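Below is one structure, written out as structure tokens, with a few remarks after it.
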Amino acid sequence: MPDPGVKYIPRAEYEALVGQEIGLSDWITVTQERINQFAACTGDHQYIHTDPERSRHGPFGKTIAHGFLTLSMIAEMMQKLPRIEGVKVNVNYGLDKVRFISPVPVDSRLRGRFTLSRVAEVKPAVIETVFAVQVEIEGNEKPALVTDWRARRYL
């Protein structure tokens, strides 16, 4: 069932978008609650993430989001990107050149910027897409992270 608010594009038109920015997500606030929930899921309770009082005296002046939390938020950020018509399921295939450029202080607002880098049929009825992704921090010149994200689309 198609997701409401998502644009579905015929494959040939989608392939013509290679090299273009195809999506900019809404801003998402990174709350302390989200950071704490991520810490609980991953077992990473380092004080720079979970202890606001101690973090006040640490290198960032407040708690910061885990880099992997920021990376995982790409899944939320990409929900409204245009999609290829006829795809039955999408799966992550991998990430290349992940770089955590800037720390993400608690209560920062993030958004994802997606540029379609590649579309290729890797085997019958399986299309691989590659996006250059930049996760931006509102008011910050440098991004939180950059990566090339690969996904497989099964027709």
Of the residues in segment 93-125, those that are of a type outside the set (Phe, Trp, Tyr), over 26 Å from Gly61 (Cβ atoms) and in contact with a strand residue (DSSP E or B) (Cβ under 6 Å, 6 or more places away or on another chain) number 13
Boolean, Phe131 is modelled with pLDDT of 95 or more, in contact with a helix residue (DSSP H, G or I) (Cβ under 8 Å, 6 or more places away or on another chain), surrounded by 14 or more Cβ atoms within 10 Å (Cβ to Cβ) and under 26 Å from Gly19 (Cβ atoms)
no
When residues of segment 63-122 are filtered for being part of a loop (DSSP other than H, G, I, E, B), small (Gly, Ala, Ser) and crowded, with 16+ Cβ neighbours inside 10 Å, how many remain?
3
Of all residues in segment 28-62, which are touching a residue at least 24 places away in the same chain (Cβ under 8 Å), assigned to a loop (DSSP other than H, G, I, E, B) and not charged (D, E, K, R)?
Val30, Thr31, Phe60, Gly61
Here are some conditions: (1) modelled with pLDDT under 95; (2) in contact with a Phe, Trp or Tyr (Cβ under 9 Å, 6 or more places away or on another chain). Val6 meets all but one. Which one does it not meet?
(2)
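The values are calculated or read from the model by the stated rules, or taken from the named source; none is laboratory data. Quick caveat, the model's predicted, so the values are computed rather than measured. Please note: Cβ atoms are built from the backbone with ideal geometry, for glycine as well, and neighbour counts cover all protein chains shown.
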